[in-house]
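Nothing in this text is a laboratory measurement; each read-out follows from the coordinates by a stated rule. From a predicted model like this one, the values you see are computed outputs, not experimental measurements. Note that each Cβ is placed from the backbone with ideal geometry, even for glycine, and that neighbours are counted across all protein chains shown.
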Amino acid sequence: MRLTKDDVERVDKEGLYRDYEAWPELAEQALKLKVDLKERKVYNIVYCGMGGSGCAGDIIQDLAFSKPNIPPIYVVKGYNLPTFADSSTLVLAVSYSGETEETLTAFKEALKLNCTTVGLSSGGRLEKICAEKNIPHVKLGKALTPRSALPYILYSSLNILNKIGYELVSQEELNGSIAVMQKVRKTTGISNDLETNEAKQIAEHLYNGYPIIYGAQHLKGVLIRFKNSLNENAKIHALVEVLPEACHNSIEAWHPSNLDLRALFVLGERRLKKRFDTLMELVERSGFKYRTVYTEETELFSSLMSILYLLEYATLYLAVLRGVPPAPTPNITLLKKRVEEN
Ligand code: F6R
């Protein structure tokens, strides 16, 4: 298949691709969303969210790792806040639908503990409770799915942190990253031919195999997000391995086998070059194919966004190659229904 615009439109009947094609504009809109917040000192930050709403928390944590004067950031993907949470904690409760049980439970706990709490959702119970209890709330814009609403979620969360006084990404860097996404879209968007479209080529590389994704520690959030979108858009399993840790365990698993493994190396840190080179050699020696991805962006947030956007497009194209509509997630829906019935 050539993965033409027609192919995408035929398989992606719901039009998830339209959200992806609009990511730079979604990010722009997110930076304009209003929230009534003042600077205040907190001792720790807890980001609560599941699935598509949770992955922005991982990326925020990666960004915070190398920033001075930022309180420790924890990501909760479950029901409970960590036991240290108290009135010196900032809690971001993020649920795109505003209806996710785990996030609502953690949010209510934050209110009980008197944490500084902000809700982010496109509506739902989260918005309602915020209005009733006068809790700051950011109303996220419209998108077909929580995962395709990522720019709303991520840029709004960063904006909130900036307003409270913890700048992880400056306004200039946020604007710069939007320009970078526009650049990525120019070459990887649905109208770009396979021959020059890296995202389509990545999809072809992964097609019919089991993806094993390697990348540096600071990309962990982006790689997990890629795995999640491979699961949800392309409906396949995938594995994420982070360097240098992977060179102390996962590296041993490279041997000839009957599995159809497809390695993808997201290159970055210079210090890791020997490790990447050795892994690639071992993948080849084991009889498997690999592909590399890297970004020319030097600024951290822009480089994360350029890789994230490129890989997200690849998950859309892989769904198309597989002939599976990327938007519906019937298994997640089934599970949520069962949980609600209890
Ligand atoms: C992503 C997706 C799920 C949801 C998750 C939580 O597109 O559909 O991963 O993000 O089930 O739901 P929300 O985001 O509404 O809290």
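Here are the numbers for the structure shown:
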{"read-out": "Qualifying position, being closer than 28 Å to G15 by Cβ and in contact (Cβ under 8 Å) with a residue 24 or more places away in the chain, among L161, L126", "value": "L126"}
{"read-out": "When residues of the stretch 36-49 are limited to those that are part of a loop (DSSP other than H, G, I, E, B) and crowded, with 16+ Cβ neighbours inside 10 Å, the one farthest from the ligand (Cβ to nearest atom)", "value": "V42"}
{"read-out": "Single condition Y74 does not satisfy, out of (1) within 16 Å of the ligand (Cβ to nearest atom); (2) under 22 Å from V169 (Cβ atoms)", "value": "(1)"}
{"read-out": "Test result for E25, without any contact (Cβ under 8 Å) to a residue 12 or more places away in the chain and either farther than 19 Å from P328 by Cα or assigned to a loop (DSSP other than H, G, I, E, B) (or both)", "value": "yes"}
{"read-out": "Single residue of the stretch 1-22 satisfying the filter (touching a Leu at 6+ places or on another chain (Cβ under 8 Å) and assigned to a loop (DSSP other than H, G, I, E, B)) that is surrounded by the fewest Cβ atoms within 10 Å (Cβ to Cβ)", "value": "R2"}
{"read-out": "Test: residue in the stretch 150-172 that is within 12 Å of L26 (Cβ to Cβ), among the small types (G, A, S), buried (at least 16 other Cβ atoms within 10 Å of the Cβ) and within 16 Å of the ligand (Cβ to nearest atom)", "value": "yes"}
{"read-out": "1 or more residues within 16 Å of the ligand (Cβ to nearest atom) and surrounded by fewer than 20 Cβ atoms within 10 Å (Cβ to Cβ): qualifying helices (runs of 4 or more DSSP H) within the stretch 243-342", "value": "330-341"}
{"read-out": "Among the residues listed as T100, T89, the single one being buried (at least 20 other Cβ atoms within 10 Å of the Cβ), among the polar types (S, T, N, Q) and either free of Cβ contacts under 8 Å to residues at least 40 places away in the same chain or away from the ligand (no atom under 13 Å from the Cβ) (or both)", "value": "T89"}
{"read-out": "Hey, V118 more than 14 Å from the ligand (Cβ to nearest atom), surrounded by 23 or more Cβ atoms within 10 Å (Cβ to Cβ) and not charged (D, E, K, R) or not", "value": "yes"}
